[in-house]
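First the structure, in the form of structure tokens, and then the observations on it.
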Amino acid sequence: MTIAEILEAWNGHLALGRRRSPHTVRAYAATAARLLHAMECEPDWTSLARLDAAALRNHLAARRADGLGNVSAARELSALKTFIAFAREQAGETDANRPRLRGPRVKKGLPRPVTPDEAVNLAETVADDAAVPWIAARDRAVLLLLYGAGMRIAEALALPAAALPLGETVTITGKGGRQRVVPLLPIVRAGVDDYARQCPWPLAKDKPLFRGAKGGPLAQGMVQRAVARARVSLGLPATATPHALRHSFATHLLSAGADLRSLQELLGHASLSSTQIYTKVDAATLLDVYRNAHPRA
């Protein structure tokens, strides 16, 4: 069995069996490829299944020597463990002797939300900076979906034109192919409708709703760069990214009294533990307000 055949099976398992995103498939495939090329013997499912913790530790040590940081090392170890588990399945091995290896400790930072005014100003500034009116309407609509509906940027850009005309709710396909129904505020629907009216490209129902300047699918990088320019104009920190608008959606809903289970469903989190981080964000925000406003703080 060749390395190419192993990687083809691994990619197929991730994309079809696990329904991972294209970005995750590329990252996990690159991690597996590095391991395969570093092996001293000709790799096959059996040799991969028999890799122990010492072998993985040595491989990661070499990667760390190349400058791999803690966060990236922890992510790479997770990918390697998943790959080895898949190899063990292909080789017919049990999990009894699977390698047990702990990754580097990574301190999790809290998401940095923006205020409601900052979110609105960010969307308006991005629109004002656009070269032509329809692109201004497009960028504003995308950012309204992130802040007003809590979408990930990839989810917003994957919306098909068949979703038009938007109603009071929209069905989103998120990570792992999980679907959820998200309510849409009137301002969000109006923003998307405004873009659809101005878009110069035919919005075929089986094509993405949001288009680039030349008619192709809108790339995430275009939105990210537009936001980066706008936050400089507004004097916002580097943490004011498109994804921060999703964090803001969650934090502001929690502040308004939303319960964690409902928030989990709206965000499309597989685990409630992913949603619970926003309780810490909300507490941190309140503490900042207290310290800045209270005369005896």
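The values are calculated or read from the model by the stated rules, or taken from the named source; none is laboratory data. All values derive from a computational prediction rather than experimental measurement. Using ideal geometry, Cβ is built from the backbone for each residue, glycine included, and neighbour counts are taken over all protein chains shown. Only protein heavy atoms, including side chains, enter the accessible area calculation; ligands, DNA and RNA are left aside. Shrake-Rupley method; radii C 1.70, N 1.55, O 1.52, S 1.80 Å.
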Can you pull the accessible area of TYR28 for me, 1.4 Å probe, Å² to the nearest 10? 40 Å²
Let a ≥ b ≥ c be the square roots of the eigenvalues of the Cα gyration tensor of segment 1-42; is it rounded (a/c under 1.5), or, if not, prolate (a/b larger than b/c) or oblate? oblate
Cα centroid of segment 196-267 to Cα centroid of segment 71-91, whole Å: 32 Å
With R₀ set to 51 angstrom, the calculated FRET efficiency between the beta-carbons of VAL132 and ARG261, to the nearest 0.05, is 0.75
What list of ³J(HN,Hα) values in whole Hz, one per residue of segment 164-171 in order, does the Karplus curve 6.51 cos²θ - 1.76 cosθ + 1.60 (θ = phi - 60°) give from phi, with Gly and Pro shown as x? 7, x, 5, x, 6, 9, 9, 8
Apply the Karplus parameterisation 6.51 cos²θ - 1.76 cosθ + 1.60, with θ equal to phi minus 60°, to every residue of segment 15-26 and state each ³J(HN,Hα) to the nearest whole Hz, in sequence, with x for glycine and proline. 6, 9, x, 9, 6, 7, 5, x, 5, 5, 4, 4
Checking the a/c ratio against 1.5 first, then a/b against b/c, what shape does the Cα gyration tensor give for segment 169-275? oblate
Once MET151, MET1, MET39 are ranked on solvent-accessible area with the largest value leading and a 1.4 Å probe, the list reads MET1, MET39, MET151
Highest average packing first - 239-246, 221-228, 197-204, 75-82, Cβ atoms within 10 Å: 239-246, 75-82, 221-228, 197-204
